[in-house]
Amino acid sequence: MGEDFIQTVLFQLFVIIVLVEVARMLCNKVKVPTVIGEILVGVLIANTFLYDFINLGSDREVFEVLKELGVIFLLFSVGLETPFSAIRKVGKTAMFVAVFGVILPFIVGYLLMIGALGPEKQLEALFVGASMVATSVGITARVIRDMNLMHTVESRVIIGAAVIDDILGMIVLAIVVGIAGGGSLDIFQVAVVAIEAVLFVLAIIFIGSLVLPKVLKKRDDRKVTQVCTAERRPKGISPLPLALIVCFALSSISSFLGLAAIIGAFLAGMAFAEFKDRWPCEEKMEPIVEFLTPFFFVFVGIAVDLEAFGELGVLMMAATITVFAIITKFIGCGLGARSLGGKSAAIVGVGMVPRGEVGLIVASIGLGMLDPETGLSIIEPGLYNAIVFMSLVTTLVAPPLLTYTFQRKLGKKCEVLPPDVN
């Protein structure tokens with residue numbers, strides 16, 4: 001690693017960070033999610049003179065690492081907003097919304113790809129189905145917060161369902177990655193991978209939400225009974241290093257089990273969220289996440305080849321996947337919320353539509369994995385472009401549709417939240 005290499009990396013960092021900040025400012029000005037700007041920066045770099053100008057063709061190893069760390073910390077931060085205890089408080093309606101909103105898009109996405117690509121493209125079909133599953137609730141939550149409607153029944157159901165949706169989405173992704181590692185769709189293998197993924201998730205939930213709280217409570221009770229004769233300096237590790245240790249430990253275990261590393265990172269964040277009062281780390285973690293996460297989205301954009309959209313087949317595929325992604329999530333989640341009434345069910349269905357970063361993560365994993373039989377990427381560039389297109393469009397259309405459905409029901413009034421939503 002010579003001085004020329006360091007100079008190249010520093011120049012690449014300078015250009016990418018400047019472009020990302022400009023894109024963020026423009027996105028804030030036109031009121032669209034900043035993730036869109038970050039992806040478009042990558043598309044701009046990959047499809048213009050900038051790619052060769054900053055020498056990404058030969059020197060990008062550092063950025064591959066930054067990209068992977070970015071997605072790991074992104075999922076860890078999402079988990080920090082989703083404590084295990086929240087799952088027990090969301091009610092039956094949110095559970096139904098999440099389950100229907102996962103099953104219908106996955107089945108339709110899988111069958112759609114089998115019909116379009118043929119029965120031999122099982123792995124591609126699984127990844128497309130997985131990309132259509134999980135909801136990016138960050139987009140929806142931002143819109144709801146801006147409208148000052150976090151207190152409504154629909155908002156509570158959407159946020160609650162998204163908690164369960166994230167976990168189910170991670171399990172689906174774990175199963176798909178495990179199957180892809182084997183190279184075939186064997187019923188026994190599916191069962192083994194599914195059991196392994198579910199047991200891993202349940203074990204972390206059990207330890208994080210039941211075992212650790214009891215252990216810490218007993219330790220605190222013992223401390224209270226002790227008489228302190230002098231003020232002692234606090235002992236033990238500080239919250240941020242502890243959070244990093246837990247994050248990397250569970251990410252490593254997840255990878256060792258053949259699952260995606262981000263699944264372990266997500267579960268680590270959920271486990272740590274249970275102890276926010278004891279180990280507050282969000283403020284210190286935020287600058288790390290803010291620095292690393294854009295690299296993931298920039299490189300999502302860099303993998304997009306605009307010339308591929310010149311092919312009618314890719315455009316048709318992108319449009320078809322996007323339409324079915326919107327329809328299946330709207331219908332599936334709407335069915336789960338039908339007990340709230342038609343207009344409320346429409347609000348919930350629209351609120352669960354955006355795929356955002358979740359669909360992009362699934363596509364990126366599929367692009368990076370090789371088919372054991374062919375040695376090629378499981379997700380081909382054309383299909384990857386189609387999934388990125390779907391993620392961007394669903395993210396862009398959800399905010400105005402959500403605003404419209406809320407206004408259609410509530411007008412200028414806000415609904416009062418009842419004691420319980422079941």
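Brief remarks on what is shown
- Remark: the Ala191-Ile107 segment gains 28.5 nm on full extension, using 0.36 nm per residue and subtracting the alpha carbon distance.
- Ranked by the mean number of other Cβ atoms within 10 Å per residue, highest first, peptides 341-349, 245-253, 7-15 order as 341-349, 245-253, 7-15.
- Segment 283-422: relative contact order as a whole-number percent, Cα under 8 Å and 6+ apart: 28 percent
- Mean projected area of the Cα convex hull of segment 1-84, taken over all directions, amounts to 7.0 nm².
- Options Ser364, Thr322, Phe295, ranked by Cα towards positive dipole end of segment 277-381, top entry (Cβ charges): Thr322
- Relative contact order for segment 243-352: 13 percent, from Cα pairs under 8 Å spaced at least 6 residues apart, divided by residue count.
Taken together, the values in this text are just the output of simple stated rules run on the coordinates, not laboratory data. Fair warning: this is a prediction, and the values are worked out from it, not measured in the lab. Cβ atoms come from the backbone with ideal geometry, glycine included; neighbour counts cover every protein chain shown.
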